[in-house]
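Visitor: Okay, handing you the structure first.
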Amino acid sequence: VPPTLSPPLALPRSYRGLTLVLTFLCYTSYHLSRKPISIVKSQLHPNCSALGPNPHNDSNSSKWCSWAPFDGDNYKELFGALDNAFLVAYAIGMFISGIFGERLPLRYYLSGGMVLSGLFTALFGLGYFWNIHVLWYFIIIQVCNGLVQTTGWPSVVACVGNWFGKGKRGFIMGIWNSHTSVGNILGSLIAGVWVSSAWGLSFIVPGVIIAAVGIICFFFLVEYPEDVGCSPPLHHVMTSNEKDPEAVTSSEVGQSSTDRSDSPKEPSEEPEAISFLGALQIPGVVEFSLCLLFAKLVSYTFLYWLPLYIVNVGEFLGPARRERAWQGERLLTPLLSLAAHFGAKEAGDLSTLFDVGGILGGIFAGLISDYSGGRATTCCVMLVVAAPMLFLYNHVGQNGIGTSIAMLIVCGALVNGPYALITTAVSADLGTHESLKGNAKALSTVTAIIDGTGSIGAALGPLLAGLISPTGWNNVFYMLIAADVLACLLLARVVVKEVRGWCGYMARKRG
């Protein structure tokens, strides 16, 4: 091969790597900015009696350290209102966002949304420094933030789907989708630094980060392979007469690059973006959308309520029983020894283990689904196993630090694995479905429909948790288990279709 032809071969790989890194950083910053609210909740309404005597002589209130308006007995309901202000706006905006994402330059759309997300995240934290105690201020900020954050997911999935074909999409996107858990972990750690001293900075710093990443995205993100003279990927199963564009020779790449540079893309040749109803008619979109509704309900309930659950369960156990439960294991690491005290920061740090499990679950689900070709079956099996694991975590998860760590990681993997697979590889598969006949103008719309439907569950989960938790945390976990079972049942038709396909393949192989 002549040396002059080697650079074009490396060009698509470098751009694909750049796209993965940039979109990974983008959505990591999105989740990094969403996580602080769950960490700060326990600081807005802490156990004031554990902090010592009331320093305010003009008040005998036992809630002197709480932040109004969250200092009343209805604080859980108010927290639920904050969560739903964001999540309902996010769910409604997501269905609209995909339509705009197909018709606007993704780079402008994504970076603009990130800068606005940073602004509204920071405004929430400025409520601390401006001494704002009006509930409607925080709710309006949450609504605005929920709307602008819908720019993220359809855009990043469309960008990755434009660059990667179907062959190893599940594994690649499984690793790439760890941005959700990485963002949650970083958001927890960053928020935890200031949660006990100046909780406003727990929002301002993530807001600055997401805005800065948005500016970087504006200057460096490449939306389509054709924009830089690269071959588009293969989005459907090849026939015997087709070649994989990702596996072409260097001379072919060089030739195609030359041809494209001489013949730029004609706007009139681009297919029209698919309609909302047209996207719903793609086989599997409705089933996976409804499944994600319940899967995301479980995931977001953990996202918003897990730190508070850890704090509350620790207080319920009482100091003596808690000390016995953690005796002998407290010196494993500084983090684990502090976790025994169930403070706001320590509970937030411990909750990151759920997201560590989510990283492993997403990679595992993608790898298995690529190998088996059964996206729905992989999701269904993980959801079936997740239900008893949630029951066990609620009943034995606080018996010791080792048990708590193991259960959090296992539950995180089983809960977030199907959620990650559906929102990434499945969305990209359906957005480039063979029934579209090569029209790639459906990725953003299909992704928005699936994630928008899932976001309805994300809004319902924290709301139901806020309403049910006063009756006992056991009832919250029963609700989560029921949601897992429903998510599994909704995939039954697709699972049966995949099983029949496997049986037919085995029969042909034996014949």
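The values are calculated or read from the model by the stated rules, or taken from the named source; none is laboratory data. Please read all numbers here as calculations on a predicted model, not as lab measurements. No Cβ is skipped: glycine too gets one built from the backbone with ideal geometry, and neighbour counts run over all protein chains shown. Just so you know, the surface numbers come from the protein's heavy atoms only, side chains and all, with ligands and any DNA or RNA stripped out. Shrake-Rupley method; radii C 1.70, N 1.55, O 1.52, S 1.80 Å.
Visitor: Points 7 angstrom from Cα along the Cβ direction at Val485 and His395: gap in nanometres?
Guide: Computed distance between label sites Val485 and His395 equals 1.5 nm.
Visitor: Could you give the nm distance between label points at Leu126 and Val21, where each point is 7 Å from its Cα heading toward the beta carbon?
Guide: 3.4 nm
Visitor: At 7 Å along Cα-to-Cβ for each site, give me the label-to-label distance between Asn74 and Lys509 in nm.
Guide: Label-label distance for Asn74 and Lys509, simple model: 6.1 nm.
Visitor: Right, next: Sorted by packing (mean other beta-carbon atoms within 10 Å per residue), highest first, where do 302-313, 189-200 land?
Guide: On the way: 302-313: 23.8, 189-200: 19.0.
Taking the mean over residues of other Cβ atoms within 10 Å, the ranking is 302-313, 189-200.
Visitor: Mind checking the per residue accessible area of the stretch 362-419 for me, 1.4 Å probe, whole number of Å²?
Guide: So the stretch 362-419 comes to 34 Å² accessible per residue, rounded to a whole number.
Visitor: Can you sort Arg103, Arg375 by 1.4 Å-probe accessible area, starting with the largest? Intermediate results must be reported in sequence, preceding the final value.
Guide: Working: Arg103 130, Arg375 25 Å².
Output order, biggest surface exposure first: Arg103, Arg375.
Visitor: Quick one: which of 179-186, 479-486 comes out on top by average Cβ neighbours within 10 Å, and what's the full order, highest first?
Guide: Averaged packing, sorted descending, gives the order 179-186, 479-486.
Visitor: Apply the a/c threshold of 1.5 to the C-alpha gyration tensor of the stretch 87-180 and tell me whether it is rounded, prolate or oblate.
Guide: Because a/c hits 1.5 or more and a/b exceeds b/c, the stretch 87-180 counts as prolate.
Visitor: Take the alpha-carbon centre of the stretch 365-385, take the same for the stretch 139-198, and report the distance between them in whole Å.
Guide: 22 Å
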